[in-house]
1. Determine whether ASP211 is open to solvent by 50 Å² or more (accessible area, probe 1.4 Å) and on the phi > 0 side of the Ramachandran plot.
2. Considering only the stretch 231-248, I want to know if a residue exists there that is among the hydrophobic types (A, V, I, L, M, F, W, C), farther than 30 Å from ASP163 by Cα and surrounded by fewer than 14 Cβ atoms within 10 Å (Cβ to Cβ).
3. At least 2 residues that are among the hydroxyl-bearing types (Ser, Thr, Tyr) and not assigned by TED's automatic domain parsing to the domain that holds ASP180 in each: list the strands (runs of 3 or more DSSP E) lying fully within the stretch 195-267 that qualify.
4. Taking PHE170 as the residue in question, decide whether it is in contact with a Leu (Cβ under 8 Å, 6 or more places away or on another chain), modelled with pLDDT under 90, outside any loop (DSSP other than H, G, I, E, B) and open to solvent by less than 30 Å² (accessible area, probe 1.4 Å).
5. In the list LYS47, LYS17, which residue meets the criterion of being surrounded by 18 or more Cβ atoms within 10 Å (Cβ to Cβ), within 14 Å of the chain's Cα centre (by Cα) and within 12 Å of ligand 1 (Cβ to nearest atom)?
6. Of the residues LYS126, LYS65, which single one is within 18 Å of ILE182 (Cα to Cα), out of contact with any Cys (no Cβ under 6 Å at 6 or more places or on another chain) and open to solvent by 80 Å² or more (accessible area, probe 1.4 Å)?
7. Return the residues of the stretch 148-160 that are within 16 Å of ligand 1 (Cβ to nearest atom) and either among the small types (Gly, Ala, Ser) or open to solvent by less than 10 Å² (accessible area, probe 1.4 Å) (or both); say none if nothing qualifies.
8. Can you confirm whether SER84 is modelled with pLDDT under 95, within 16 Å of ligand 2 (Cβ to nearest atom), surrounded by fewer than 16 Cβ atoms within 10 Å (Cβ to Cβ) and farther than 26 Å from LEU217 by Cα?
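The values are calculated or read from the model by the stated rules, or taken from the named source; none is laboratory data. Just so it is clear, the model here is predicted, and its values are computed rather than measured. So basically every Cβ, Gly included, is an ideal-geometry build from the backbone, and we count neighbours across all protein chains shown. For accessibility, only protein heavy atoms count, side chains too; no ligands or nucleic acids. Shrake-Rupley method; radii C 1.70, N 1.55, O 1.52, S 1.80 Å.
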Amino acid sequence: MKIDVNHITMIYPSGKKALQDVSLSAESPNFIGILGPNGAGKTTLMKLLIAGLLPTRGEILLDNKSLLSQEKYLKSQLGYLPQSFGLYEELTVWQFLDYMAALKNIKDAKAVTTVLERTNMTEQKKIRIRNLSGGQRQRVGITQALLGNPQLIILDEPTVGLDPEERVKFRNIFSEMAQDKIVLLSTHIVEDVQAVCSRVLVIHDGLILFDGTPSALIAQAENHVGICFAQPGGTVPDGCQIVSKVHTADGIRSRIIAEQLPPYAQPSEPTLEDAYLYCIHSPARRSRISAVNSSVCENQGEEVRIR
Ligand SMILES: Nc1ncnc2c1ncn2[C@@H]1O[C@H](COP(=O)(O)OP(=O)(O)O)[C@@H](O)[C@H]1O
Ligand SMILES: [Mg+2]
């Protein structure tokens, strides 16, 4: 399977530009983590990929053909976990999954049993959804997305509400599944991406700021991360972002990211989290955002298509 997103711009009827000239390609197997702060455009991108929204400009191709001309094929290959979804409260876990299997036209009679085993939910199969905890409900949502062994799996913030142990379990399930599929997983938890994704997209203000391997993202932040000490009340120089602060006997130990580290900062190896923050806050990126914003403003008043 292959997906091509070509120069997508998405403007909501309110006038909000949620995505601006976004392009990317993915071919299976590919496990892509989409990182970005709230409001970055992650959910919008995912809704466009499942043909739940129509882009204002640009096109999406599935196996080299227009996504919209192949909606039936897309739905048969798709496992989707929306960011917020309603579950049928009165159904048991089993009944809900059986119903979803019918909606997805899955013929395999063992599909529900198989997926319940895979996500370790067999014990809960007779519990009514209204009696599940938040984390268990999220697990049911993930389970339905994996039903029928779909080739394209789109998970919008799947680990929200899971405890750390559950998150690790699901990360392992996702990475097993990704071996021959395209998996897109949006999150603002950097650890989720670090653990399983071979590719990371950083989205901010509707723009893709980075598309590459986690180690390439880390390499960009090389020489931009440092440690410095400040006395209580001391300020951090302009242009520095504080990643973390620890109060020690010697003063406040701050981990900072900066385009130009101050001379008294001791350089430190960047983590993926540092690199993500550097990517989002670096002045070079910000100027790219404002350049695109001003060019997009010239195109206002165009037709908005929405489903
Ligand atoms: N239906 C909508 N109508 C208008 N604006 C929207 C709609 N959905 C999302 N937005 C806006 O588009 C931007 C991107 O939102 P979203 O794709 O949900 O971001 P993310 O998933 O990264 O948090 C935000 O500014 C959000 O407020
Ligand atoms: Mg979202």
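1. Spelling it out, it is not the case that ASP211 is open to solvent by 50 Å² or more (accessible area, probe 1.4 Å) and on the phi > 0 side of the Ramachandran plot.
2. Narrowing the stretch 231-248 to residues among the hydrophobic types (A, V, I, L, M, F, W, C): 236, 240, 242-243, 246.
Pick out the ones that are also farther than 30 Å from ASP163 by Cα and you get 236, 240.
Now drop any that are not surrounded by fewer than 14 Cβ atoms within 10 Å (Cβ to Cβ), which leaves none.
Within the stretch 231-248, none of the residues are among the hydrophobic types (A, V, I, L, M, F, W, C), farther than 30 Å from ASP163 by Cα and surrounded by fewer than 14 Cβ atoms within 10 Å (Cβ to Cβ).
3. In the stretch 195-267, the matching strands (runs of 3 or more DSSP E) lie at 240-248.
4. Judged against the criteria, PHE170 is a match.
5. Details: LYS17 fails: within 14 Å of the chain's Cα centre (by Cα).
None of the other options fit; the residue is LYS47.
6. Values: LYS126 fails: within 18 Å of ILE182 (Cα to Cα).
The unique qualifying residue is LYS65.
7. Our first condition is that a residue be within 16 Å of ligand 1 (Cβ to nearest atom); within the stretch 148-160, this holds for 154-160.
Residues satisfying the conditions are ILE154, LEU155, ASP156, PRO158, THR159.
8. yes
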